[in-house]
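Have a look at the structure below before the remarks.
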Amino acid sequence: MSALAEEIVKRLSRKQKSKRLSIEVPTVDKVLEDLSIPTSASKGVPVGLRVKRVAFSGTKRLPPEHPDAEGHPIEEVGATGFQLELGLNDAEQRAESGLNDASVWTGETNVADEGVDEKVPRALVPFAFEWEPQEGVNGIGSGRNLRGKSTIMNLLLWSLSGRCTEFSPDTRRWIEHVEVDWLVGNETLRVSFDAENGVANNGRVTSLRDDGGAENVVARFDGDSFEDAMSSVMLNRLRLEIFTVSQAGKAVPHKWASYVNALWVRPKYLKSIIGKEPVLSIRLMQMFIGTDWVPVLAAASTVAGVLASEQKANQERTKTATDAVGAARVEAQKKVDDFQAQIAALPAGTPDLAKTTAASLRAGDIALEIHALETQLLNRSVAADTIRQQIKAAKARQHTEYEHSLLTKFFHQMEPTVCPRCTATVTKARRAAEPDEHKCSVCTSDLNLEALKAKVVIAASVDIAVASSLVDSASVNVAESDEQHPAPRSEIDALSDALQSAESGIAPLRSRRDELAEAREVASNEAVLDTVLLAAARERQKLEIELARAEGAVDALALSVTPAAGMPVDPIHLAVAEGAVEVLTRWVKLHQDPLLMTISGEIERLTVSFGGDSLSHFKLDGAANLSLRKGGDPASYGQLTPGEQLRVKIATVIALIKHGYAENIGRHPGFLLLDSPAAEEMPDGDLATMVSALLEVAREAPMQIIVATRNTGPLEELLHFKNRIIATGNDYVW
């Protein structure tokens, strides 16, 4: 039974009731074994890493007009084909050509842009470089930029990690062979390989004897296996372990190359205080500090993170599925309610097809009969209207004749007293003489004797027919009809009788028509009602089918269970893994906190010595977060300027190296590359201060530091000639 398992059991038994777990120690040990979580700690003891010799060779391809190209053979290189071969952009293509002068390269680019694959002449200039760095601080300097300093740094990292990522395209193409001797502890390993466009081949790692002769080949590699070969060689010898980090719910293993990223500092990689990637800074710091249980904590944290991620993913999948089922159930129930409401809204009753047919036929017959009656009504109405017009015309004629009779009688029976022409008096004697003398008392004309008998005065000279007519008119008895319209009684009466007869036949016809209209309405309603019932029956049948389907869906969704989504996480495994993380975090913290306090003080001291005198109160915590004060105000590493971050990052790495030497614990190999520290707001004075501080630190603890910088003054002033390699003026380092 392990101490870790016993502590986990105690911790799980003290949790709140809902999370409390009663489990035996052997069971916990078995779970830890199944989860590949170690149950014992390993003490971190530093093993030194030094570069003893670096050599590489190849062929530069320089423009023929280059000073170093004189006397060397020329080859023709297709510009377009060369660019396509390497997959270079314009800037890289210019760099590849060796013509850093943009104006010169512009002409060649234009040619290529026009689609002319013009051959570019290049002088093939062989080169070879070899240097033996010393223990302590070493410097690589040049009077100008782009003189090969970073190439040496990149080549060291390439031979150490197996990764070729930081080279410029031209350098990658020029280097043809590499040979680097590394001192790992007390063993010297030579990493040698041929190279073609940045791809290693014919590689081997050879253990060397003290006299420099090859003892045995430790590993062989090519481009694809280079990184794995260096991991297998270096991790064991430097007593480092592969550590895993839970990233996006998956356990991602990190090998030797991740450690190498923490062995160099470049201004463009300042986001993390340790190493290149922030996500690895905690693990790298814990590994380098060397706390006993750190590797176990890393393994347990990764396992717990993966299990928790899987459990969370399962819970999210389950929740998504449950929500989907719930939403589907609500939707199905909504359909059920909707179909039930539609069925309830349909009219009740059962349709009778025979009854519907009979009602339709009856309604049709009645409609025909109504049509016949309306025809009769129309004929009688027309006849009545005609008779009324005839009666009106007859009465008009009668009235005219009556007025004419009245006028005739009036004028022919008048007894004028004066002459209407001369106004001479008509005497009584003359009027009395008319019956006797048969002369007009006014004009003395002879009178018609026959008319006179009828008491009508008419001249004898008037036409007999006219006279007769006047006599007949004057003889009409108008006295009794003074207030009435005389009319020929026979015509008006006949017409009135005819009108009465016509009107008397209309009312029965209308009455009969109305009766038939009501009967037709009843029959039509009966037919329509049955038709509606028939349509409702068909709709009800369709809705009942849909209702049955919806009810079936509701029943099915009510019975559905949580769908299985992936392998479920064993709660015992998750609880044990999380318990192990809690126990190990406490153990690591107890051991690590005092060390972190010491390291924080060393970081502050070194940072101030590097020129960062406005920074104070450094505190590095277990999560690799650095808090401090800047000018007295609280700040963090991320809030510093790039120049301040560079100083703090270098100080942190050196503090970790010193800690390992002073405490004889830790895993940092004591090797550090500083590339272009003066690029971030570091004047010559501060760089000299930093180099001096590095020399002092290197005297306090064994380490090897290689600084590459364009400011050669501090290197020439402070470093032994064996510890530096400097290109002056326009010269190249190699």
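For the residues Phe610, Phe671, Phe618, the requirement of being at negative phi, modelled with pLDDT under 90 and among the aromatic types (Phe, Trp, Tyr) singles out Phe610. Look at the stretch 364-380: where a residue is open to solvent by 60 Å² or more (accessible area, probe 1.4 Å) and a partner is among the small types (Gly, Ala, Ser) and assigned to a helix (DSSP H, G or I), sitting 6+ places away or on another chain with Cβ atoms under 9 Å, you get Asp365/Ala523; Gln376/Gly505; Arg380/Ala502; Arg380/Gly505. Of the strands (runs of 3 or more DSSP E) that lie entirely inside the stretch 621-734, those containing 3 or more residues that are buried (at least 23 other Cβ atoms within 10 Å of the Cβ) span 671-675, 704-709.
Give the residues of the stretch 168-184 that are closer than 18 Å to Arg53 by Cα, open to solvent by 10 Å² or more (accessible area, probe 1.4 Å) and in contact with a Gly (Cβ under 6 Å, 6 or more places away or on another chain), sorted by residue number. The one that is closer than 18 Å to Arg53 by Cα, open to solvent by 10 Å² or more (accessible area, probe 1.4 Å) and in contact with a Gly (Cβ under 6 Å, 6 or more places away or on another chain): Glu176. Residues in the stretch 30-46 that are in contact with a helix residue (DSSP H, G or I) (Cβ under 8 Å, 6 or more places away or on another chain) and either crowded, with 20+ Cβ neighbours inside 10 Å or charged (D, E, K, R) (or both): Val31, Leu32, Asp34, Leu35, Ile37, Gly44, Pro46. For first residues located in the stretch 122-141 and at positive phi, partners that are open to solvent by less than 10 Å² (accessible area, probe 1.4 Å) and lie 6+ apart or on another chain with Cβ distances below 8 Å form the pairs Gly136/Met703; Gly136/Gln704; Gly136/Ile705. The residues of the stretch 393-407 that are farther than 13 Å from Ala494 by Cα and among the basic types (Lys, Arg) amount to a single one, Arg397. So, in the stretch 593-614, of the ones that are among the β-branched types (Val, Ile, Thr) and within 30 Å of Ala3 (Cβ to Cβ), which residue ends up least open to solvent (accessible area, probe 1.4 Å)? This residue is Ile599. Residues that are hydrophobic (A, V, I, L, M, F, W, C) and modelled with pLDDT of 90 or more were ranked within the stretch 362-376; the one that is nearest to Glu503 (Cα to Cα) is Leu373. Do we have Leu543 as under 20 Å from Gly349 (Cα atoms) and at pLDDT below 85 here? No; evaluated as a whole, the condition is false for this residue. If I ask for residues that are open to solvent by less than 10 Å² (accessible area, probe 1.4 Å) and either basic (Lys, Arg) or closer than 14 Å to Ser258 by Cβ (or both), which ones from the stretch 287-314 would you list? Residues satisfying the conditions are Met287, Phe288, Ala298, Thr302. Would you check if there is a residue in the stretch 217-236 being within 42 Å of the chain's Cα centre (by Cα), open to solvent by less than 20 Å² (accessible area, probe 1.4 Å) and closer than 30 Å to Arg647 by Cβ? Looking through the stretch 217-236, none of the residues is within 42 Å of the chain's Cα centre (by Cα), open to solvent by less than 20 Å² (accessible area, probe 1.4 Å) and closer than 30 Å to Arg647 by Cβ.
Checked against (1) surrounded by fewer than 18 Cβ atoms within 10 Å (Cβ to Cβ); (2) closer than 25 Å to Met703 by Cα; (3) not charged (D, E, K, R), Leu590 meets all criteria but (2).
Candidates are the residues of the stretch 455-493 that are within 21 Å of Ala433 (Cβ to Cβ) and exposed (fewer than 15 other Cβ atoms within 10 Å of the Cβ); the one that is modelled with the lowest pLDDT is Lys455.
Considering every residue within the stretch 204-212, establish whether at least one is under 30 Å from Leu35 (Cβ atoms), of a type in the set (Val, Ile, Thr) and surrounded by 15 or more Cβ atoms within 10 Å (Cβ to Cβ). Within the stretch 204-212 (the criterion being under 30 Å from Leu35 (Cβ atoms), of a type in the set (Val, Ile, Thr) and surrounded by 15 or more Cβ atoms within 10 Å (Cβ to Cβ)), the answer is no, since none of the residues qualifies.
The values are calculated or read from the model by the stated rules, or taken from the named source; none is laboratory data. None of these values were measured; they are calculated from a predicted model. Positions of Cβ are generated from backbone atoms using ideal geometry, with glycine treated the same way; all protein chains shown enter the neighbour counts. The protein model used for the area step is the full one, side chains on, heavy atoms only, and it has no ligands, DNA or RNA in it. Shrake-Rupley method; radii C 1.70, N 1.55, O 1.52, S 1.80 Å.
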